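S.K.: Dropping a structure here in structure tokens format, bear with me for questions.
The values are calculated or read from the model by the stated rules, or taken from the named source; none is laboratory data. Bear in mind the structure is a predicted one, so any value in this text is a computation, not a measurement. Positions of Cβ are backbone-derived with ideal geometry, glycine not excepted, and every protein chain shown enters the neighbour counts. Surface accessibility is based on the protein's heavy atoms, side chains included, excluding ligands, DNA and RNA. Shrake-Rupley method; radii C 1.70, N 1.55, O 1.52, S 1.80 Å.
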Amino acid sequence: MRFDVENESGSDERLTVGLRAVAEDDERLGASNAVGLRLLAEVQAIADARRRRAMVLSLAAAAALATALAVPAWRTLQSRPGLPVAADGAVVTRELVTEFFPLRYSNVPARGGYVVRMQVPRTALAAFGATAPAGISNDPNILADVVVGDDGLARAVRFVQVIEEEQTP
Amino acid sequence: MDDAGLIALARRGDAVAFSRLFAGFERRIFRYAAHMCGRDAADDVVQETFLAVLRGQVDYDAGKGTVGNYLFGIARHFVLKRLSAREAATFDLDEHDERTAWPDERPSVLDSLSREETIQTVRAAIASLPAAYREAVVLCELQEMTYADAAAIAHCPVGTVRSRLHRAKALLMTKLSATRTGDLVKSATR
């Protein structure tokens with residue numbers, strides 16, 4: 001790329017003066033007030049939008065905090081002792097019982113009687129003339145319902161096994 | 001607070017920060033746009049430039065230059081959109097190996113003009129330049145930017161800016177030497 005630069009200095013000086021004059025004259029030029037106002041409105045809109053977002057976020061945070069506090073409190077109240085619980089995994093008990101077996105004084109008439117549940121040594125049952133059937137726990141102690149006449153004599157006995165089971169949903 | 005900080009705050013809705021940023025660059029961008037595509041469009045270019053900044057359409061990267069270059073780069077984008085295809089094509093003239101001669105030493109029209117007439121005549125001569133040369137004159141002469149800054153804004157090598165400016169001045173001298181004032185002003189406003 002080549003340029004002819006003859007006479008450049010003299011011409012350039014006059015041109016430079018002319019360009020400086022234009023540049024100085026340009027100093028008075030600028031965007032209209034309407035542009036500035038329009039842009040300030042945009043800035044204000046941005047600020048408003050940010051405030052709205054901040055408010056929504058604050059409300060959401062407050063709601064989350066309230067939920068975080070309320071749920072454990074509700075659970076605590078629900079699991080307070082004495083209140084009925086119907087929760088999954090609760091342990092339930094049921095009884096496996098035999099028939100009543102007659103004892104030595106079963107033929108003695110009685111006007112009434114009652115059932116007494118007692119835990120007795122397995123060996124003691126022999127004294128009543130009874131033995132626990134198969135399927136009943138082999139524990140040394142055994143649970144038994146004894147029918148006692150109003151005369152205090154035992155008339156019959158049944159054996160009880162309490163079974164604890166975890167309830168499945 | 002530096003200009004990059006002002007941009008960040010303005011984008012968050014800080015009116016004071018925006019006002020400082022706007023006041024710092026609005027006039028220079030308006031003048032650039034006014035020379036490149038006319039005063040009527042210059043307001044729109046300024047508005048679109050700062051809206052693009054506020055809306056984060058173009059992120060500022062301090063590693064790529066100053067905030068001024070960043071703003072002028074955005075403004076230039078909107079200026080180019082307003083140029084006719086013929087004018088925009090002048091930015092591709094750099095590849096041409098054309099000789100640009102300085103005019104012979106002749107009485108310049110500037111010698112006999114008042115200051116106001118000089119301003120009017122030179123302004124008209126600038127407006128009549130091809131867009132690429134006009135841009136070089138506006139950035140380097142009227143805005144007094146360095147070649148490096150002008151090159152960063154125009155997305156071209158520094159050498160290209162220098163050659164465009166040289167050609168632009170030669171063309172201006174030719175116009176100012178050979179044309180009567182009234183003719184130049186009329187041709188520029190046609």
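S.K.: I'm trying to understand the selection: among the residues of segment B:24-33, which are among the hydrophobic types (A, V, I, L, M, F, W, C) and either open to solvent by less than 10 Å² (accessible area, probe 1.4 Å) or at the interface with chain A (Cβ under 9 Å from one of its Cβ atoms) (or both)?
M.R.: If the condition is that a residue be among the hydrophobic types (A, V, I, L, M, F, W, C) and either open to solvent by less than 10 Å² (accessible area, probe 1.4 Å) or at the interface with chain A (Cβ under 9 Å from one of its Cβ atoms) (or both), then B:ILE29, B:PHE30, B:ALA33 are the ones that fit.
S.K.: Return yes when B:ALA42 is surrounded by 20 or more Cβ atoms within 10 Å (Cβ to Cβ) and within 9 Å of chain A (Cβ to nearest Cβ) and no when it is not.
M.R.: Here the answer is yes, as B:ALA42 does meet what is asked.
S.K.: Let me ask you something else. Scan segment B:131-148 for residues that are assigned to a helix (DSSP H, G or I) and more than 8 Å from every other protein chain (Cβ to nearest Cβ) and jot them down.
M.R.: Result: B:ALA131, B:ALA132, B:TYR133, B:ARG134, B:GLU135, B:ALA136, B:VAL138, B:LEU139, B:CYS140, B:TYR147, B:ALA148.
S.K.: Among (1) within 14 Å of another protein chain (Cβ to nearest Cβ); (2) at pLDDT below 90; (3) buried (at least 18 other Cβ atoms within 10 Å of the Cβ), there is one condition B:GLU95 misses while meeting the rest; what is its number?
M.R.: Exception for B:GLU95: condition (3).
S.K.: Please tell me if A:ARG2 is among the charged types (D, E, K, R) and at pLDDT 75 or above.
M.R.: no
Conditions tested, residue by residue: (1) farther than 17 Å from B:HIS155 by Cα; (2) within 21 Å of the chain's Cα centre (by Cα).
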position	(1), (2)
B:PHE25	yes, yes
B:TYR32	no, yes
B:GLY38	yes, yes
B:GLN47	yes, yes
B:GLY63	no, no
B:GLY68	no, yes
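S.K.: Among what's in segment A:20-41 and is of a type in the set (Lys, Arg) and assigned to a helix (DSSP H, G or I), pick the residue that is nearest to B:LEU172 (Cα to Cα).
M.R.: A:ARG20
S.K.: Quick check, is A:THR93 open to solvent by 60 Å² or more (accessible area, probe 1.4 Å), more than 30 Å from B:THR118 (Cβ to Cβ) and modelled with pLDDT under 80?
M.R.: When the stated conditions are applied, A:THR93 does not pass them.
S.K.: Somewhere in segment A:45-55, is a residue touching a helix residue (DSSP H, G or I) at 6+ places or on another chain (Cβ under 8 Å), surrounded by 12 or more Cβ atoms within 10 Å (Cβ to Cβ) and closer than 17 Å to B:ALA17 by Cα?
M.R.: yes
S.K.: Residues in segment B:50-63: is at least one within 12 Å of chain A (Cβ to nearest Cβ) and touching a Leu at 6+ places or on another chain (Cβ under 6 Å)?
M.R.: yes
S.K.: What residue, of A:GLU8, A:GLU42, is at the interface with chain B (Cβ under 7 Å from one of its Cβ atoms), surrounded by 12 or more Cβ atoms within 10 Å (Cβ to Cβ) and at pLDDT 90 or above?
M.R.: Testing whether each residue is at the interface with chain B (Cβ under 7 Å from one of its Cβ atoms), surrounded by 12 or more Cβ atoms within 10 Å (Cβ to Cβ) and at pLDDT 90 or above leaves just A:GLU42.
Results for (1) open to solvent by 40 Å² or more (accessible area, probe 1.4 Å); (2) touching a strand residue (DSSP E or B) at 6+ places or on another chain (Cβ under 6 Å); (3) of a type in the set (D, E, K, R), shown as yes or no for each residue.
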residue	(1), (2), (3)
B:HIS35	no, no, no
B:VAL46	no, no, no
B:PHE50	no, no, no
B:ARG55	yes, no, yes
B:ASP59	yes, no, yes
B:ALA62	yes, no, no
B:GLY65	no, no, no
B:LEU71	no, no, no
B:ARG76	no, no, yes
